[in-house]
Amino acid sequence: MSVAPAEAPPRARDARPLLPPSRPPRTRRVDLAVMLFPTALLAALGWHRRWMTDDGLIFTRVVRQIAAGHGPVYSVGERVETSTSTLWPWLLAAAHWVTPFRDAETGVYLGLALSVGGMWLALDATRRLHRVRTAQRFLLPVGALVFVAIQVNWDFLTAGMEMGLVLAWIGAAWWLLVAAWRRPAVSRPRLAAAAFLYGLGPMVRPDLGLTALVLLGTLAWLARARWRACALMAAAAGALPATYQVFRMGYYGLLV
């Protein structure tokens, strides 16, 4: 979103929450409509271009192997890692047991739902960020509209791959970061929960590991975390990735 320049209030030294000024109901309705338009447009375009790519079928085959009890492999008896995302096939495997759809359909529907959810979270976080500065001025979601206008995004919102999960993770990560900026006095349980989500980055896609480190550092700075809180964040962020890496080394015989 973009907003006309306005002078930001100075950051409170006592870490009091940065709460937005009171807004009339009309402004809230306009904000909702501004957020809803690019989100609904993204959902409509993604649904119109829904499909399953060849790489997406690799995930569905891994899901069938998991459901059959053979583990996260492509072929029975061959422990070869074939997925570009760690979490996505396990998420599809969980959906395999609770939804009536075929695995390919689940990949398409779940990918689109996560993409739309990620867009909404990102827009809501940006709205909250700017509404601390001003309660009246009109917010225009230029960045979101640029993203929606790129045709290749319409295809890969579905495609059976992990892009929807990537967008959902980015949207949730941004939302939590803005929440920490607005309320710097973050409790340790909330700090650990945010760090845990950031730690999922390399499991969503390996190249999100660097992004996760930047987010963790920014969160620690915003929360003014001391060394004990930083240690808690590191433990929360690394718990699941480290556990899975130990499993991965033993199961696939891979060190990296």
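The values are calculated or read from the model by the stated rules, or taken from the named source; none is laboratory data. All figures in this text were calculated on a predicted structure; none of them were measured in a lab. A quick note on method: Cβ atoms are made from the backbone with ideal geometry, for glycine too, and the neighbour counts reach across all protein chains shown.
Residue-by-condition table, conditions (1) closer than 18 Å to TRP154 by Cβ; (2) outside the structural domain of ILE150 (by TED's automatic domain parsing); (3) aliphatic (A, V, I, L, M):
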site: ASP31; (1), (2), (3): no, no, no
site: ARG50; (1), (2), (3): yes, no, no
site: ARG64; (1), (2), (3): no, no, no
site: PRO72; (1), (2), (3): no, no, no
site: LEU91; (1), (2), (3): no, no, yes
site: VAL98; (1), (2), (3): no, no, yes
site: ARG102; (1), (2), (3): no, no, no
site: TYR109; (1), (2), (3): yes, no, no
Fill in the blank from the handout: Of (1) touching a residue at least 60 places away in the same chain (Cβ under 8 Å); (2) under 22 Å from GLU162 (Cα atoms); (3) surrounded by fewer than 17 Cβ atoms within 10 Å (Cβ to Cβ), PHE101 fails just (1)
Completion exercise
If we ask which residues in region 121-144 are part of a loop (DSSP other than H, G, I, E, B) and of a type in the set (A, V, I, L, M), their number turns out to be 3
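Residues checked against (1) surrounded by 18 or more Cβ atoms within 10 Å (Cβ to Cβ); (2) in contact (Cβ under 8 Å) with a residue 60 or more places away in the chain; (3) in contact with a Gly (Cβ under 9 Å, 6 or more places away or on another chain):
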{"residue": "TRP169", "(1), (2), (3)": "yes, no, yes"}
{"residue": "ARG183", "(1), (2), (3)": "no, yes, no"}
{"residue": "SER187", "(1), (2), (3)": "no, no, no"}
{"residue": "VAL204", "(1), (2), (3)": "yes, yes, no"}
{"residue": "ALA212", "(1), (2), (3)": "yes, no, yes"}
{"residue": "LEU219", "(1), (2), (3)": "yes, no, no"}
{"residue": "ALA235", "(1), (2), (3)": "no, no, no"}
{"residue": "TYR244", "(1), (2), (3)": "no, yes, no"}
Exercise for the section: Within region 193-207, identify whether any single residue is modelled with pLDDT of 95 or more, in a helix (DSSP H, G or I), within 23 Å of MET52 (Cα to Cα) and not assigned by TED's automatic domain parsing to the domain that holds LEU110, and answer yes or no. Expected result: yes
Practice task
Taking VAL178 as the residue in question, decide whether it is under 13 Å from the mean Cα position of the chain (by Cα), among the β-branched types (Val, Ile, Thr) and assigned by TED's automatic domain parsing to the domain that holds GLY46.
Solution key: no
Exercise for the section: Identify the residue in region 78-97 that is within 20 Å of LEU255 (Cα to Cα) and among the small types (Gly, Ala, Ser) and, among all such residues, is modelled with the highest pLDDT. Expected result: SER85
Handout entry: Index of the failed condition, LEU91 passing every other in (1) part of a loop (DSSP other than H, G, I, E, B); (2) surrounded by 17 or more Cβ atoms within 10 Å (Cβ to Cβ); (3) not aromatic (Phe, Trp, Tyr)
Key = (1)
Problem - Pair list, Cβ < 9 Å and 6+ apart or interchain, from region 134-162 residues that are loosely packed, with under 14 Cβ neighbours inside 10 Å to residues that are at pLDDT 90 or above - result: PHE138/VAL34; LEU140/VAL34; GLN151/LEU45; GLN151/ARG49
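Listed here are the residues, each with its yes/no results for (1) in contact with a strand residue (DSSP E or B) (Cβ under 9 Å, 6 or more places away or on another chain); (2) among the charged types (D, E, K, R); (3) within 19 Å of ASP54 (Cα to Cα).
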{"position": "THR84", "(1), (2), (3)": "no, no, yes"}
{"position": "PRO89", "(1), (2), (3)": "no, no, yes"}
{"position": "ARG102", "(1), (2), (3)": "no, yes, yes"}
{"position": "LEU110", "(1), (2), (3)": "no, no, yes"}
{"position": "GLY117", "(1), (2), (3)": "no, no, no"}
Handout entry: Pick from region 37-58, criterion among the β-branched types (Val, Ile, Thr) and under 18 Å from ALA104 (Cβ atoms), ranking: surrounded by the fewest Cβ atoms within 10 Å (Cβ to Cβ)
Key = THR53
